[in-house]
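Visitor: I'd like to ask you about the structure that follows.
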Amino acid sequence: MFEILTSQFLSIATGLISSYLFLIYFLRKKRAQISISPHISKRELDGQINYFFKFVNKTRAEIFDVRVEPTFYKQVGGIGGLNIQGKDIKLVQDFISYIPEGKSADPNSLHAWRVRTTQDLEEEWQDESTYIRLTIIAKHSLSGFSSIFVQEFHSKASITSKQFVTGDSLEVR
């Protein structure tokens with residue numbers, strides 16, 4: 001009787017451990033992957049100046065619940081050192097519910113996104129201690145795990161009057 005209980009316990013424990021290890025290995029690989037351009041494109045649209053940020057879904061699956069958050073950060077003096085003060089940059093669209101995976105058969109490059117703001121970034125960029133941090137939070141469609149991606153723009157030289165290249169490229173021309 002003891003041998004039967006022991007063998008059943010070992011079978012259950014082995015199954016649970018192997019399932020857990022498989023899920024950990026498999027699901028850890030199932031995270032969103034996004035590339036963000038190091039450039040900010042300044043373009044006129046409908047008679048108004050717009051600033052565009054570009055990112056590309058590099059995941060081999062769809063991503064969803066994509067939140068884009070650009071923020072101005074500035075170092076300010078504090079007692080005993082420096083602190084960081086943040087100011088949100090308002091985007092025209094800061095939430096994207098779904099972005100498909102990149103496919104070569106997609107002529108519209110729906111996996112590559114440009115988000116824009118109408119705020120005058122150059123005027124609001126106060127000095128050399130000010131920088132912009134673009135944060136993107138996205139969930140993988142299979143695992144549901146969230147990932148966070150950050151790109152920092154440390155100088156006004158990041159802003160260009162060139163346009164983003166279509167598709168996977170993060171370059172401007």
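The values are calculated or read from the model by the stated rules, or taken from the named source; none is laboratory data. Because the structure is predicted, anything quoted here is derived from the model rather than measured. Counting neighbours? That spans all protein chains shown, and the Cβs are built from the backbone with ideal geometry, glycine included. Please note that ligands, DNA and RNA were not included when accessible areas were found on the heavy atoms of the full protein model with its side chains. Shrake-Rupley method; radii C 1.70, N 1.55, O 1.52, S 1.80 Å.
Visitor: Can you list the lysines whose alpha carbon sits under 24 Å from that of LYS74, skipping same-chain ones fewer than 8 residues off?
Guide: Cα-Cα hits under 24 Å: LYS42, LYS54, LYS87, LYS90, LYS156.
Visitor: Round to a whole number: what % of the accessible area of the stretch 16-78 belongs to carbon and sulfur, probe 1.4 Å? Provide the component values of the computation, followed by the final result.
Guide: Working: 1960 of 3660 Å².
Here it works out to 54 percent.
Visitor: Under a straight-distance cross-link criterion of Cα-Cα below 18 Å, which lysines are reachable from LYS58, leaving out those fewer than 8 residues away in the same chain?
Guide: LYS29, LYS30, LYS103, LYS139
Visitor: For volume of the Cα convex hull per residue in Å³, the choices are (i) 123; (ii) 163; (iii) 268; which was calculated from the structure?
Guide: Answer by label: (ii).
Visitor: Hey, rough spin-label estimate for LEU142 and GLU44, points 7 angstrom out along Cα→Cβ, what's it come to in nanometres?
Guide: Here the modelled spin labels are 4.8 nm apart.
Visitor: What nm distance separates the two modelled labels at LEU21 and ARG173, each placed 7 Å from Cα along Cα→Cβ?
Guide: Result for the modelled spin labels: 5.0 nm.
Visitor: To the nearest 10 degrees, how steep is helix 2-28 against the longest Cα principal axis of the chain, on a 0 to 90 scale?
Guide: Roughly 20 degrees between the two axes.
Visitor: What number comes out for accessible area per residue over the chain if the probe is 1.4 Å? Units Å², please. Don't jump to the answer; show the numbers that get you there.
Guide: Working: 10990 Å² over 173 residues.
I get 64 Å² per residue for the chain.
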